[in-house]
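*Asks:* Okay, handing you the structure first.
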Amino acid sequence: MRLIYFGILAIGMWVSPALSQNGPLKIEITDGVIEPLTFAVPIFEAENIEAAAIATEISRIVATDLISSGLFREIPANRFIAQRITFAEAVRYPDWRAINAQALVTASVSTTNTGRLTVKFRIFDIFSGVQLGSGMQLGGSTQAVRRMAHKVADQVYERITGEGPYFDSKIVFVSESGPKDKRLKRLAIMDFDGENVQFLTGNENIVLAPRISTDGKQVLYTSWESGFPQIYLLNVGTAGRKRLPTPDSGMAFSPRFSPDRKRIVYSFEQGGNSDIYLMDLATARSARMTSSPSIDTAPSFSPDGRQIVFESDRSGSQQIYTMPVSGGTPNRISFGNGRYGTPVWSPRGDLIAFTKQSNGRFGIGVMRTDGSEERLLSASFLDEGPTWSPNGRVIMFARETQGAKGAPSLYSVDITGRNLRALTLRAPASDPSWGPVQR
Amino acid sequence: MAAALAEALSGTTSEPETQGTATEALAPQVIRGMQLAISPCWNLGASSSAALFTTVVVGMELTIDGKPLINSIYLVGYEGGDDDSAQRAFETAQRAIKECGAQGFELPTEQYSAWRNVEITFNPEKMRVR
């Protein structure tokens with residue numbers, strides 16, 4: 001496309017004497033605005049009467065998803081000029097421009113008596129007066145209405161922003177109950193928006209730090225099931241679990257999958273010293289990666305699987321280090337005031353998210369992989385444990401409130417630092433781990 | 001071709017060689033007025049991270065009453081990012097031109113030849129840290 005545009009430019013310059021003599025007027029715009037893009041999602045058209053309720057539900061979920069990203073603002077239906085918008089009719093752009101809608105999503109929904117659900121939809125750029133891309137069609141089951149809606153929202157989000165999708169994804173977390181000093185914890189999994197919570201373990205044993213695999217099918221976590229911390233591998237589909245073979249002579253914790261899911265990194269503590277280990281899941285053999293008289297923990301792979309990032313107090317205070325998986329000297333990358341922990345590499349590979357403790361407060365931040373351009377995105381009594389959305393645009397973390405009745409809950413924030421919002425859940429929650437977009 | 005893009009990407013109001021005689025004739029406040037007219041509609045709120053690192057140069061032709069000829073708007077070139085982010089950045093720029101140019105930019109009709117063809121560089125560098 002770029003070459004075509006260049007061709008047009010070249011032709012214009014050669015055939016137009018006025019242009020070749022004077023050239024176009026050139027101006028530069030460096031100031032713009034940062035505001036959510038306004039959009040309209042009229043209730044989707046039902047092609048058959050049985051699809052009416054589903055069409056309404058899907059259209060509302062699509063709108064809610066887009067709003068939740070912080071990048072979009074919905075124009076309410078009571079401002080629409082035409083009150084009935086059908087999928088087939090031509091878009092009346094002036095009507096939508098008049099209410100300042102910048103984007104429009106129209107769709108039709110049909111169902112069959114065999115439980116088949118089909119959604120056809122189009123996206124329009126109102127001020128440019130064009131349809132964005134081709135019309136799209138998704139098919140699925142009437143039992144998976146929410147997933148279908150998230151898929152539609154993902155397509156709209158992706159087409160307009162250029163970011164990858166993330167609405168149709170799952171998050172594993174620790175669901176908590178009971179008083180603060182006797183908190184019961186169990187693993188759970190939910191949709192990205194907090195819906196469809198399902199428990200993966202009971203609450204008989206303390207569980208910590210679940211980490212979902214890059215295909216979303218397995219979860220690593222730390223459990224006190226054996227009486228002291230050990231690492232377990234859980235199958236999300238069956239909820240079956242097994243303990244991974246680490247020595248009984250110490251505590252194993254803080255595991256994380258490699259991107260190809262063939263290896264894990266974890267911490268192993270013995271005699272007050274913890275180091276990072278690498279385990280090949282096929283052979284169950286572990287190899288020591290760090291060896292220092294310090295606490296090395298919270299390892300996380302880079303998305304290409306060649307490096308890890310972890311926290312260590314080897315310098316005298318808790319800081320972030322990177323090192324090649326193949327071995328070598330750890331490279332300290334955090335140098336600001338305060339203590340840094342729980343680093344997590346972005347799925348894009350460009351940033352590392354972390355928890356920072358400074359001046360008695362905890363916050364979530366990001367920095368480049370060389371430690372530059374550090375930015376704090378949140379701060380409170382206790383913010384910790386960041387996890388990346390699959391597109392690397394959003395970070396979720398746990399925020400705990402102060403006091404005897406304090407409890408954790410989950411928050412998300414855009415990597416720009418905007419759109420900090422709490423996830424609505426029925427019970428306290430901590431330790432989120434964001435899975436991939438579902439296939 | 002590469003030289004043309006480099007010129008477009010580097011060209012601002014400060015380079016007489018790349019301005020041409022027609023631009024020199026325009027008063028600075030006319031150019032500033034056009035910048036101020038477009039800026040409020042250049043909304044980067046729904047831009048991808050990559051698009052915020054992509055500078056696009058957009059060319060167009062204006063009618064005598066200062067309105068953009070919709071079918072004349074084209075992407076001259078881009079710097080930073082990739083084809084995909086350039087396309088999204090171009091769409092955002094187009095939206096700004098069409099939205100804020102719908103009523104026509106205030107330009108001196110007697111100097112139509114100086115502003116009939118315009119190339120606008122949309123540089124998001126300052127917007128990344130907001």
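*Asks:* If you roll a 1.4 Å probe over chain A with all protein chains in place, what percent of the accessible area is carbon or sulfur?
*Replies:* That fraction is 51 percent.
*Asks:* Work out the FRET efficiency for A:E47 and B:I70 from their Cβ-Cβ distance, taking R0 = 45 Å, and round it to the nearest 0.05.
*Replies:* 0.85
*Asks:* Hey, another quick one. Mind checking the mean number of beta-carbon atoms from other chains within 10 Å of the Cβ atoms in B:43-56?
*Replies:* Mean number of neighbouring Cβ atoms from other chains: 6.
*Asks:* What distance in nm lies between label points placed 7 Å from Cα along the C-beta direction at A:N78 and A:R285?
*Replies:* So the label points at A:N78 and A:R285 sit 7.0 nm apart.
*Asks:* May I ask you to compute the full-extension gain from A:I99 to A:S249, defined as 0.36 nm times their residue separation minus their alpha-carbon distance, rounded to one decimal in nm?
*Replies:* Additional length available on full extension: 47.2 nm.
*Asks:* Provide a whole-number value for the mean count of partner chain Cβ atoms within 10 Å of the Cβ atoms in peptide B:74-84.
*Replies:* For this peptide, the per-residue mean of nearby foreign Cβ atoms is 3.
*Asks:* Separate question: Roughly how many Å² of A:I75 are accessible to a 1.4 Å probe, to the nearest 10?
*Replies:* 0
*Asks:* Also, quick follow-up: For A:K180, give me every one of the lysines with a C-alpha distance below 23 angstrom, ignoring sequence neighbours fewer than eight places off in its own chain.
*Replies:* A:K405
*Asks:* Simple spin-label model, 7 Å along Cα-to-Cβ: A:D304 to B:S113 in nm?
*Replies:* About 5.5 nm, to one decimal.
*Asks:* Say R0 is 60 Å: what FRET efficiency, to the nearest 0.05, do B:R32 and A:K217 get from their beta-carbon distance?
*Replies:* Plugging the Cβ-Cβ distance into 1/(1 + (r/R0)^6) gives 0.55.
*Asks:* Taking the Cβ of A:F257 as the centre, find all other residues whose Cβ is under 10 Å away and add up their charges (Lys, Arg: +1; Asp, Glu: -1).
*Replies:* Residues near A:F257 contribute +3 overall.
*Asks:* Mind ranking A:F228, B:F122 by accessible surface for me, highest first, 1.4 Å probe?
*Replies:* Result of the area sort, largest leading: A:F228, B:F122.
*Asks:* Let me ask something additional. With solvent modelled as a 1.4 Å probe, how much accessible area in total do chains B and A shield from it at their shared surface, in Å² to the nearest 100?
*Replies:* 4700
*Asks:* Can you give the mean number of other chain Cβ atoms that lie within 10 Å of the Cβ atoms in peptide A:126-135?
*Replies:* Mean inter-chain Cβ contacts per residue within 10 Å come to 3.
*Asks:* For an R0 of 45 angstrom, estimate the FRET efficiency from the Cβ-Cβ distance between A:R332 and A:F228 and round to the nearest 0.05.
*Replies:* The pair A:R332/A:F228 has a calculated efficiency of 0.90.
*Asks:* Another question about this same structure. Under a point spin-label approximation (7 Å from Cα along Cα-to-Cβ), what is the A:A88-A:I206 distance to one decimal in nm?
*Replies:* 6.4
*Asks:* For A:R348 and A:A144, calculate 0.36 nm times their separation in residues minus their Cα-Cα distance, and state this gained length in nm to one decimal.
*Replies:* Length gained, A:R348 through A:A144: 70.5 nm.
*Asks:* Among A:K185/A:K356; A:K185/A:K217; A:K151/A:K182; A:K120/B:K126, which pairs are too far apart, with a Cα-Cα distance over 29 Å?
*Replies:* Table pairs above 29 Å Cα-Cα are A:K151/A:K182; A:K120/B:K126.
*Asks:* Please turn the phi angles of the range A:383-393 into ³J(HN,Hα) values with the Karplus equation 6.51 cos²θ - 1.76 cosθ + 1.60 (θ = phi - 60°), one per residue in order, whole Hz, x for glycine and proline.
*Replies:* In residue order, the calculated couplings are 10, 7, x, x, 9, 8, 5, x, 8, x, 9 Hz.
*Asks:* Distance between the C-alpha centers of the range A:121-169 and the range A:423-439? Whole Å please.
*Replies:* 22
*Asks:* Could you report the accessible area of A:E204 in Å², rounded to 10, computed with a 1.4 Å probe on the protein chains as they sit in the structure?
*Replies:* 140
*Asks:* Go through the range A:249-265 residue by residue and turn each phi into a ³J(HN,Hα) via Karplus (6.51, -1.76, 1.60, θ = phi - 60°); whole Hz please, and just put x for glycine and proline.
*Replies:* In residue order, the calculated couplings are 7, x, 9, 10, 7, 6, x, 8, 6, 6, x, 8, 6, 8, 9, 10, 10 Hz.
*Asks:* To continue, here is another question. Enter the angle in degrees (range 0 to 90, nearest 10) between the Cα long axis of helix A:52-68 and the first principal axis of the Cα atoms of chain A, meaning the one along which they spread out most.
*Replies:* For helix A:52-68, the angle is close to 70 degrees.
*Asks:* What is the Cα centroid distance between the range A:244-283 and the range A:330-370, reported in whole angstrom?
*Replies:* Between the Cα centre of the range A:244-283 and that of the range A:330-370, the gap is 22 Å.
*Asks:* Right, something else. If A:R159, A:R361 are ordered by their accessible area, calculated over protein heavy atoms with a 1.4 Å probe, which sequence runs from highest to lowest?
*Replies:* A:R361, A:R159
*Asks:* Probe of 1.4 angstrom, ligands and nucleic acids ignored: what's the accessible area per residue over the protein assembly as shown, in square angstrom?
*Replies:* Computed with neighbouring chains in place, this is 44 Å² per residue.
The values are calculated or read from the model by the stated rules, or taken from the named source; none is laboratory data. These figures come from a predicted structure and were not determined experimentally. So basically every Cβ, Gly included, is an ideal-geometry build from the backbone, and we count neighbours across all protein chains shown. These area figures cover heavy atoms from the full protein model, side chains too; ligands, DNA and RNA do not enter into them. Shrake-Rupley method; radii C 1.70, N 1.55, O 1.52, S 1.80 Å.
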